[in-house]
Amino acid sequence: MQSISQIFVVQSRSLSSTLSFLLTKTRRRTITTISTTTMAMASAKTSNTSTSTSEVGIAKRLWIKFHKESIHALYNPFVVSLASGNLSLDSFRHYISQDFHFLKAFAQAYELAEECCDDDDAKVDFNDLRKSVLEELKMHDSFVQEWSSDPTKENNLSPATVKYTDFLLATASGKVEGVKGPGKLATPFEKTKVAAYTLGATTPCMRLYAFLGKQLQQFVNLDENGHPYKKWIDNYSSTAFQAAALQTEDLLDRLSVTLTGEELNIIENLYYQAMKLEIELFLSQPLLQPTVLPLTKTCDPSEYQLMIFSDFDLTCTVVDSSAILAEIAIVTAPKSDQDQLNNQIARMPSADLRNTWGVLSGQYTEEYEQCIETILLSQKAEKFKYDDLIKGLEQLSDFEEKANTRVIQSGVLKGLYFDDIKRAGERLILQDGCPGFFKSIIGNENWKKNVHVLSYCWCGDLIRSAFSSVGLDALNVHANEFTYEESASTGEIIDNVHSPMDKVQAFKDILHEYSSDKKNLTVYIGDSVGDLLCLLEADVGIVVGSSSSLRKVGSHFGVSFVPLFPGLVVEQKNCTEKSSAYWKGLSGTLYTVESWAEINAFILGK
């Protein structure tokens, strides 16, 4: 019998035929190999680092690596208010006054870098970049006329502005850890190295503002009454500014070619520090109007009880846990009846087990597709019809119950040892940003008891092991459970959550159990058709990933899928008081995200 550790070193065995049942169970996705290599590749894709590092320069690699920071800048209350157009004029004037001094430091940093640089082409580029910043400063002259703001007369620099400008000028002066000062630089190479470091500190700002400009431009075009901050947004979304950002990145790539690994690490640290300082700069801006985010700050704990719910498979994980259970069953099964031990629960040989999975797979796939097609045969709703959706998903619930019964009766889940399941759970890769989000939530006394995971997974122990391995022992897990005899599964399942109807009932039961004199503010995070009812019942339903079946079924019954950031901008535009009342369940609107970074930024603000 093979040990569980062998599960994670298998490199070539294809499981597409035997596991398609499991992988289509709730997600309709395909996988060919469950292995350490496969999981690592999936994890890299999730964290937006799938692009080969050999194909892009350091500027692109660092922008990808620190994607989370760019999302936190975008989901900043100041930026969302600016995008919505309801940012108070006084707040914008304060920002412009701080930005004026920041840009002066930016231009000075480019001037110092030009003096350090030995390459004539690079000198020309630095000079061009400095001129573009000076042109940007001229734009502030128009702000004086349009917004009655004169940043030259503002002397009260915020600590965040001072911290950022000091960082820029210190870097451009060669005052970087491990680097000589400019007056002591002995060679042209050492001087050029300081110029590269300066770009490490300025490039992220250029790329971030180009990113924000493009993201905010859509709201300028949609505002029929004329966006109050159109000129500012137009500047950073303009072709000229986008080109300047690209020119900065190209120059950083060129000057970094000859640097050592240690020197490239210095540039990475400078890049990251600049991103963090930019976020601090946005956070330091005074806001004179209520905002819709972060949710934990707009949700008054004396009035509201924040409740967080999440699915598990492919919402929190990179691979489906059912596939892992199947892998354990197949790999640890005896090769023949003669390999059975007397004190073991009787198990079918691995070859028979593989064949049985294949039969179950084909039957499930065919019947699942028929079930979805049957649901979609009903008349398409012109507006959100929740009752009709429930009727449709009742068919899916009946189907799932029959499919689960077939799995139990087949005996394929017999004889899986608890220790093997636990070790497999410890090796499950969670989505980037997911563990950090839950740690922050349960680290707060007001919310730690109000976090619940609802899952179709056949084995809750697998989920608990996965979370425990990253220090999340306090999560409330609601899933199906294996029954054991002497630490080996009997093949029976304690059936707690196996269908959309079960999930939504568990959701309601938890809310009833945790009822108090406070109002509930519920968030549900999920990715599949099985999550649809819970997503809609929650005050805020967040869809992770891009399940086509979820969107087809939801849209058929009038559900709207809105990207989270534009949705927040709309809510901010309508926000008139500091309250969570504008989030309401059964609105028919779900919010979509591409990563947990968006969820973190929206709910936690970090």
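The values are calculated or read from the model by the stated rules, or taken from the named source; none is laboratory data. What you see is a predicted model; the values in this text were computed from it and never measured. Neighbour counts run over all protein chains shown; Cβ positions are idealised from the backbone, glycine included. The protein model used for the area step is the full one, side chains on, heavy atoms only, and it has no ligands, DNA or RNA in it. Shrake-Rupley method; radii C 1.70, N 1.55, O 1.52, S 1.80 Å.
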(request) Check the range 32-47 and report whether any residue there is closer than 28 Å to Ala201 by Cα, open to solvent by less than 40 Å² (accessible area, probe 1.4 Å), among the aliphatic types (A, V, I, L, M) and at pLDDT 90 or above. (result) no
(message) Can you pull out every residue in the range 578-593 that is out of contact with any strand residue (DSSP E or B) (no Cβ under 8 Å at 6 or more places or on another chain) and under 24 Å from Leu222 (Cβ atoms)?
(response) Tyr582, Lys584, Ser587
(request) List the number of the failed condition for Val470; all other conditions in (1) β-branched (Val, Ile, Thr); (2) more than 29 Å from Thr405 (Cα to Cα); (3) touching a residue at least 60 places away in the same chain (Cβ under 8 Å) hold. (result) (3)
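So which of Thr203, Thr198, Thr152, Thr192 is at pLDDT below 90 and closer than 24 Å to Gly57 by Cβ?
Working: Thr203 fails: at pLDDT below 90; Thr198 fails: at pLDDT below 90; Thr152 fails: closer than 24 Å to Gly57 by Cβ.
The match here is Thr192.
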(request) Being more than 10 Å from Lys193 (Cα to Cα) and in contact with a Leu (Cβ under 9 Å, 6 or more places away or on another chain) is the filter here, so list the residues in the range 254-266 that pass it. (result) Ile266
(request) Answer yes if at least one residue in the range 485-493 is of a type in the set (A, V, I, L, M, F, W, C), more than 30 Å from Gln379 (Cα to Cα) and either touching a Phe, Trp or Tyr at 6+ places or on another chain (Cβ under 7 Å) or in a strand (DSSP E or B) (or both), and no otherwise. (result) yes
(message) Please go through the range 332-353 and give me each residue that is surrounded by fewer than 20 Cβ atoms within 10 Å (Cβ to Cβ), modelled with pLDDT of 85 or more and under 24 Å from Thr483 (Cβ atoms), ordered by number.
(response) Pro349, Ser350, Asp352
(request) Determine if the range 445-458 includes at least one residue that is among the aliphatic types (A, V, I, L, M) and surrounded by fewer than 17 Cβ atoms within 10 Å (Cβ to Cβ). (result) no
(message) If I ask for residues that are out of contact with any helix residue (DSSP H, G or I) (no Cβ under 7 Å at 6 or more places or on another chain) and within 14 Å of Thr161 (Cβ to Cβ), which ones from the range 268-284 would you list?
(response) Leu283
(message) Here's a check for you: in the range 221-241, which residue that is out of contact with any Leu (no Cβ under 8 Å at 6 or more places or on another chain) and of a type in the set (Ser, Thr, Tyr) is surrounded by the most Cβ atoms within 10 Å (Cβ to Cβ)?
(response) Ser238
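Does the range 352-365 include one or more residues that are assigned to a loop (DSSP other than H, G, I, E, B) and not polar (S, T, N, Q)? Walk me through how you get there before you give the answer.
The first filter runs over the range 352-365 and keeps only residues assigned to a loop (DSSP other than H, G, I, E, B), leaving none.
There is no residue in the range 352-365 that is assigned to a loop (DSSP other than H, G, I, E, B) and not polar (S, T, N, Q).
Quick check on my filter: what residues within the range 384-437 are of a type in the set (Asp, Glu) and in a loop (DSSP other than H, G, I, E, B)? I'd like the intermediate steps shown before the answer.
The initial filter retains those residues of the range 384-437 that are of a type in the set (Asp, Glu), namely 387-388, 394, 398, 400-401, 419-420, 426, 432.
The answer is Asp432, and nothing else.
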(request) Take Ser468 and decide whether it is out of contact with any strand residue (DSSP E or B) (no Cβ under 7 Å at 6 or more places or on another chain), modelled with pLDDT of 95 or more and either open to solvent by 40 Å² or more (accessible area, probe 1.4 Å) or not small (Gly, Ala, Ser) (or both). (result) yes
(request) Hey, can you tell me all the residues within the range 438-484 that are under 21 Å from Val523 (Cβ atoms), hydrophobic (A, V, I, L, M, F, W, C) and in a strand (DSSP E or B)? (result) Val451, Val453, Leu454, Val477
(request) Pick out, from the range 221-303, the helices (runs of 4 or more DSSP H) lying fully within it that include 1 or more residues that are more than 30 Å from Val569 (Cα to Cα), without any contact (Cβ under 8 Å) to a residue 12 or more places away in the chain and out of contact with any Pro (no Cβ under 8 Å at 6 or more places or on another chain). (result) 261-283
(request) Report, ordered by the first and then the second residue, all pairs with beta carbons closer than 6 Å, sequence separation of six or more or different chains, a first member in the range 529-557 that is within 18 Å of Ser587 (Cα to Cα), and a second member that is of a type in the set (Gly, Ala, Ser) and open to solvent by 10 Å² or more (accessible area, probe 1.4 Å). (result) Val529/Ser549; Glu537/Gly585; Ala538/Gly585; Asp539/Gly585; Phe557/Ala381
(request) Tell me the strands (runs of 3 or more DSSP E) entirely within the range 532-606 that contain at least 3 residues that are at pLDDT 95 or above and touching a Phe, Trp or Tyr at 6+ places or on another chain (Cβ under 7 Å). (result) 540-544
(request) Quickly run through the range 244-253 and pick out the residues that are within 20 Å of Leu103 (Cβ to Cβ) and either open to solvent by 50 Å² or more (accessible area, probe 1.4 Å) or in contact with a Ser or Thr (Cβ under 7 Å, 6 or more places away or on another chain) (or both). (result) Ala244, Leu246, Gln247, Thr248, Glu249, Leu252
